[in-house]
Structures are given as C-alpha cells and as structure tokens.
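Below is one structure, written out as structure tokens, with a few remarks after it.
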Amino acid sequence: MIYTVINELLNIDYPIIQGGMAGIADATLAAAVSNAGGLGVIGAGYASEEWIRGEIRKTRLLTKKPFALNIMLLNPEAEMVGKVAMEEGIEVIITGAGSPGKYISSWKSKGIKVIPVIPSVSIAQRMEKMGADAVIAEGGEAGGHIGEMNTMALIPQVVDSVTVPVIAAGGIGDGRGVAAALMLGATGVQLGTRFLVALECNISRAYKEKILQAKDTSTMVTGRPTGHPVRVIKNQLAREFQRLEKINALPEEYERLGKGSLSRAVREGDMEKGSIMAGQIAGLVGKEQSCEEMIKEIFYEAEKIITEKISLLKEK
Ligand code: TUI
C-alpha cells in the first residue's frame, strides 16, 4: 500500500490526482477518478459560470468522495471561477498557468485547500509563502501549457526548497513513473495524458485514437515566443504555429490561429486544425480502461517495482 501525506491531506486512497485538463475534464471523469480512490478534478479552463456550477453539482451526485476544481489563471474570468468554487463549497482548488496570489487568502478563509501547479523552484517557494497546502511540480514533458524545466531535474530541487508536500507531474503514465516520482521525493503524482483514454473521458474518438497511436516523438511545443508554450500532438495546426515562429509573427496572429482550436480537437474530432494537447508519455499509453482499472494497475505496478528493487538490494 503506497500511503503518503497526500492521502491524509486529501482524504484519498491512492496519492494520485487527475490533471485538470481544460475543456476536457468534466463531472463524469472527475467522479470516476474520485470513485476509484484518486482525486478527480473538474477543469474550469475558459468555461462559463453555468457550466462550472453544473459540473460541480453533477460531480456531487456521482460521488461522495473528495474532488477538486482546477482554475486556469490565464482565464481573465478566474476571479469568477474562484467565487463559484466558494459558493459551491469546493474543498480543493488546484491552480495552473499563473499565480493565485490575488485570491489565495479569500479561498483559504473558506477552508479551501489550495494546490498550485508550479514550473520552478522560485515559484514553488513563493506559493509556499502565500499559504499553499502542497504544490504540483510539473515538468515540460506534460501536455498543454508548460514551463522550462523537466520533471527529473525539477522534482528533487523543489522537494529540497519547500516544506509543503510535492506532487510530481509531467511524463508520468504508469507504475514505473509513480515509483520514480516517489524516489525523487514526491509524495504524490498528477496524471493527465493517461486519463485522456479513460472510458469515462468525454473527448472525440479521433482524439483518443491519436493518443493510442502516438509514439515517443509524436508531440512538439508550440507558442514559445508568446510566453505561453503548449505541448501538443504534431499536426497541421502545430506546423502552422511553427511557421509563425519562424516569421516572428505578431501575438494577434497566434491568437487568431489558436482561437477555438482545443474545442475543434476535443468536440469536433478535427485532427488537423484542432489543438491535440498531450504529454510526451502518450507513446506509452496504449489501452483504454476505466479509471478504476487504470489506478489499480498503476499502483499495483508501482508497489511491485519498489518491492522488487528492495529485495534486489537485500540479495546483493
Ligand atoms: O496549466 C497547465 N496546463 C494547461 S492550461 C491549458 S489551457 C490553455 N490553452 C491555450 C493556451 C494556453 C493554455 C492547457 N494546459 N499546467 C500547469 C502549469 N502552470 N504549467 C505552467 C504553469 C505555471 C506557469 C507560471 C504556473 C505558475 C506560473 O507562475 C507565474 C508567476 O508569475 O508566478
């Protein structure tokens, strides 16, 4: 049994959090992960107040277990999302793509646990000072909006620089990744890409097939010059972004190209003009399973590996 401070902090059976994938992570996915013993997450992304409120209420009907709301801070309406979270009695807020500095004290005054995703040591330290209950250190292997550091180098440096628990994200897709994250000093993991092919994940068939067929080198990073690099599966849209980078295009041109592109992939299944966000571990994700099967399998593998390595040391 892998039992850490994260199980205690979040009142969950396995120290695993589902990525707050904007435009993807809804009540069905969040409830399935929570019912399987992990922490399910609704991804507020750029969604409307009505959608967010509705998904929170739906999740409550589908599970009695804890779940979280992910607030994406590039959203100019982030304050509204936080207000909905407080009104709806959300217990855990995970933030991404920016600093929750402006909101953290009001969220904490309502007893909400706040767990920011961070891409570097200095931002982790800043979040700890602001009162974060834990941090999710996310390496650039992850899908979607990413920082500069990779998971292998980021996790131990963050672990050494803060006293709050560190959850590892980016490049983790199975029990080996979980075991490695624990070895680096993390006490929990966050997975996104693997959950894209969960039976309970409501994305287009074409998106799921892209993940299932991906290989190690199938992703690339677009948008670096805009200050918002995003890891996606290579396609026509990604190559078009690459072309804009080469010609030093204006921010408006990136914006025009990116507008509505996630929804084109997620809802319409447009695999050429859509933004197929995914992490580098997509090459390892080869089968569709329920969230319960996935989580059980991941932790069975992690425990097996850790036990095998210990007995190997004893033998020598
Ligand atoms: O947020 C993510 N991943 C995301 S958000 C997203 S939606 C989107 N769509 C189109 C363009 C851009 C985004 C898709 N994927 N991961 C967590 C994450 N947080 N990665 C990096 C950061 C981050 C960056 C800077 C966190 C804090 C931060 O702080 C800056 C500061 O000034 O403190």
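Candidates are the residues of the range 29-51 that are of a type in the set (Val, Ile, Thr) and within 16 Å of the ligand (Cβ to nearest atom); the one that is nearest to the chain's Cα centre (by Cα) is Val41. Checking Thr222, Thr187, Thr193, Thr226 one by one, the residue that is within 15 Å of the ligand (Cβ to nearest atom), closer than 30 Å to Met1 by Cα and of a type in the set (S, T, N, Q) is Thr193 and no other. Here Ala180 clears all of (1) assigned to a loop (DSSP other than H, G, I, E, B); (2) over 17 Å from the mean Cα position of the chain (by Cα); (3) over 13 Å from Gly279 (Cα atoms) except the condition numbered (1).
Against the condition surrounded by fewer than 21 Cβ atoms within 10 Å (Cβ to Cβ), within 16 Å of the ligand (Cβ to nearest atom) and of a type in the set (A, V, I, L, M, F, W, C), how does Leu74 come out, does it pass?
Working: surrounded by fewer than 21 Cβ atoms within 10 Å (Cβ to Cβ): yes; within 16 Å of the ligand (Cβ to nearest atom): yes; of a type in the set (A, V, I, L, M, F, W, C): yes.
In short, yes.
Under the condition of being of a type outside the set (S, T, N, Q), crowded, with 19+ Cβ neighbours inside 10 Å, away from the ligand (no atom under 11 Å from the Cβ) and more than 16 Å from Glu253 (Cα to Cα), the residues counted in the range 229-241 number 1. Across the range 142-159, the number of residues qualifying as surrounded by fewer than 23 Cβ atoms within 10 Å (Cβ to Cβ), over 14 Å from Leu182 (Cα atoms) and of a type outside the set (A, V, I, L, M) comes to 4. Ser275 passes every criterion in (1) crowded, with 19+ Cβ neighbours inside 10 Å; (2) assigned to a loop (DSSP other than H, G, I, E, B); (3) more than 19 Å from the chain's Cα centre (by Cα) apart from (3).
Return a yes/no flag: does the range 242-260 have any residue that is more than 28 Å from Ser34 (Cα to Cα), under 21 Å from the mean Cα position of the chain (by Cα) and either outside the structural domain of Gly192 (by TED's automatic domain parsing) or surrounded by 12 or more Cβ atoms within 10 Å (Cβ to Cβ) (or both).
Step one: of the range 242-260, the residues more than 28 Å from Ser34 (Cα to Cα) are 242-260.
From what is left, the residues that are under 21 Å from the mean Cα position of the chain (by Cα) are 258, 260.
Of the ones still in play, those that are also either outside the structural domain of Gly192 (by TED's automatic domain parsing) or surrounded by 12 or more Cβ atoms within 10 Å (Cβ to Cβ) (or both) are 258, 260.
Yes - at least one qualifying residue is present in the range 242-260.
The values are calculated or read from the model by the stated rules, or taken from the named source; none is laboratory data. This structure is a prediction, so every number in the text was calculated from the model and none was measured. Don't worry about glycine lacking a Cβ; one is built from the backbone with ideal geometry, like all the others, and counts go over all protein chains shown.
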